[in-house]
Amino acid sequence: MLSFPDSFRFGTATAATQIEGGCTTSDWYAFAQQPGRIKGGGRPDVACDGWRRWRDDLAIQKSLGLGAYRMSIEWARIEPRPNEIDQAALDEYRRMLGAMRDAGIEPMVTLHHFTLPKWLADRGGLLAEGFHTRLARFARVAAGALGDVCRFWITINEPNVLAAQAYLLGAWPPARQSPTEALRAHHRMLAAHVAAYRALKDVLGDDAQVGVAHHLRLAQPARPESSADRMMAHVFARVFNDSFALATCTGRMYGPLDALVTGPEGFRVAEARGTQDFFGINYYSRDVVRFSPGHAAELFAERSVPPGVEVSDLGWEVYPEGLGMIVRAWAQRSGVPVYITENGIADATDSRRGPFLVRHLAQLARAIADGVDVRGYFHWSLLDNFEWAEGYGPRFGLVEVDYATQDRRIRDSGHLYAKIARERVLP
Ligand code: BGC
């Protein structure tokens, strides 16, 4: 029987822009108004109306008996204009986090989940001079206002995904397609993470637990007999998957190249070593990689899904074994406790989410039985929500949202997850 210790936390995860609505001062708000940017023309203007309905959503989470909740606070809402802090917004987040704790739910707060205040994006966003100082200052403000109601913090969500989508693939703001800018953005975010980590620890002391939500995938060669494919899988894994996460563990990002790049105010990659108290993993899928001269911008790696495998509504392969491998490898590399800060599936019919949950949790239960220090699992997501450039099509929620009426309905997979969390064993 696969089981979980009493201390293991079962939770869900969301992000501000994807659920809250009612924030007009972010780069994503502006981006989504531009025709053709978001599939189906979806905009985050209302999303799940979570800014007004958070009490109802908290009640749903509580009714499911899930004792942890990862959310983000919207920087653009809290600092709508440079150096102007909206105290009312901070107070509302404070009420949210306080209510969560009263309900016996442990919060984990992300400072930066893909979005920026528009004024900062206009000044160059991640590449703006002083971006790292800005994030650190925001971290201080957030810690000062919310530190007594929140112990777990994430500085940045998925820096590798953001660098790639925003600066390489041109799919997210500022919609650039420049490999050098993507590498620079990645490096800048590392400097910003380090600055924010220090700011949080400085204000909150050692009791605060601070990490990064690293997006990690498995990269495997499409034709294992092909040395070009093997090489591509290796390069892709090293540069996209591992470099930021490795930097936080070992102080090395791109190996010998690190010495050539100096960041803002002389930031060196080596400073990132040991800047996380836990290791956050967002895991969704694996990539099967083949060498392709046509994919120069993606380091000559063409990613695909093996024929005949189970996929999500977004075409992502369902590959639970990858979670087991990644958890084991990174628990060892990082030497700190691991949390699965995201894992989930786009599945509108809810026919695959239940088995998906069980199979991924089974990987964790086995790892824990083998002595790997995994402390919690946050399912993405509590609610259906705004899926960035994919709009409102993909349905990731344990709870279905009817966007016309804002009605919520707990899906069968939601009930199944509640049962697992309650009984602490897998069916
Ligand atoms: C992100 C979420 C996103 C989810 C599903 C992660 O990359 O952190 O914001 O909704 O994956 O695509």
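The values are calculated or read from the model by the stated rules, or taken from the named source; none is laboratory data. Fair warning: this is a prediction, and the values are worked out from it, not measured in the lab. Backbone-built Cβ (ideal geometry, glycine too); neighbour counts: all protein chains shown. Accessible surface is based on the protein model in full, side chains and every heavy atom, while ligands, DNA and RNA are left aside. Shrake-Rupley method; radii C 1.70, N 1.55, O 1.52, S 1.80 Å.
In the full protein context, the chain carries 38 Å² of accessible surface per residue, based on a 1.4 Å probe and ignoring ligands, DNA and RNA. As a fraction of the 1.4 Å probe accessible area of the chain, surface on carbon and sulfur atoms comes out at 51 percent.
Which lysines have a Cα less than 19 Å from the Cα of Lys419, not counting those fewer than 8 places away in the same chain? Hits, sequence-local ones excluded: Lys62. Given a Förster distance of 35 Å, report the FRET efficiency between Asp207 and Val425 from their Cβ-Cβ distance, rounded to the nearest 0.05. E(calc), rounded to 0.05, equals 0.65. Extending 7 Å from Cα along the Cβ direction at Ala348 and again at Ala171 yields two label points whose distance is 1.8 nm. When peptides 30-40, 345-355 are sorted by average Cβ neighbour count within 10 Å, with the highest value leading, the order is 345-355, 30-40.
Is the chain rounded, prolate or oblate when judged by the Cα gyration tensor, a ≥ b ≥ c being the square roots of its eigenvalues, rounded requiring a/c under 1.5 and prolate requiring a/b larger than b/c? Here the chain falls in the rounded category.
A dipole drawn for segment 9-423 from +1 and -1 charges on Cβ atoms has a positive end, and of Gly67, Thr110, His132 the residue lying farthest that way is His132. Using a Gaussian network model of the chain in which every pair of alpha carbons under 10 angstrom is joined by a spring, one finds that among Asp402, Asp277, Asp313 the greatest mean-square fluctuation is at Asp402. Between Leu200, Leu190, Leu416, the GNM of the chain built on Cα springs shorter than 10 angstrom shows Leu416 fluctuating the most. Value of Rg to Rh for segment 188-300, rounded to two decimals, is 1.06; Kirkwood radius and Rg both from alpha-carbon coordinates. For the chain, a Gaussian network of Cα nodes joined below 10 Å ranks Asp45, Asp91, Asp373 by mean-square fluctuation, and the top entry is Asp91.
Summary: within the chain, the longest segment free of GluC sites (Glu not before Pro) located in DSSP loops with at most 14 other C-beta atoms within 10 Å is 1-128. Only helices enter this figure: runs of n ≥ 4 DSSP H residues, each worth -39500 (n - 2.57), summed and divided by the residues of the chain, yield -11500 deg cm²/dmol at 222 nm to the nearest 500. What is the log10 of I(q)/I(0) for segment 1-67, computed with the Debye formula using one identical point scatterer on each Cα and no solvent, at q = 0.17, 0.21, 0.23 Å⁻¹? These q points yield log10 I(q)/I(0) values of -0.71, -0.88, -0.97. If R0 is taken as 30 Å, the Cβ-Cβ distance between Glu265 and Arg95 corresponds to a FRET efficiency of 0.25.
The mean sequence separation of alpha-carbon pairs under 8 Å and at least six residues apart, normalised by the residue count of segment 1-136, gives a relative contact order of 29 percent. Taking the centroid of alpha carbons for each part, segment 223-299 and segment 93-132 are 25 Å apart. Take the Cα of Ile85, step 7 Å toward its Cβ, do the same at Arg238, and the gap between the two points is 4.4 nm. Mean separation of Cα pairs under 8 Å and 6 or more residues apart, divided by the residue count, gives the chain a relative contact order of 19 percent.
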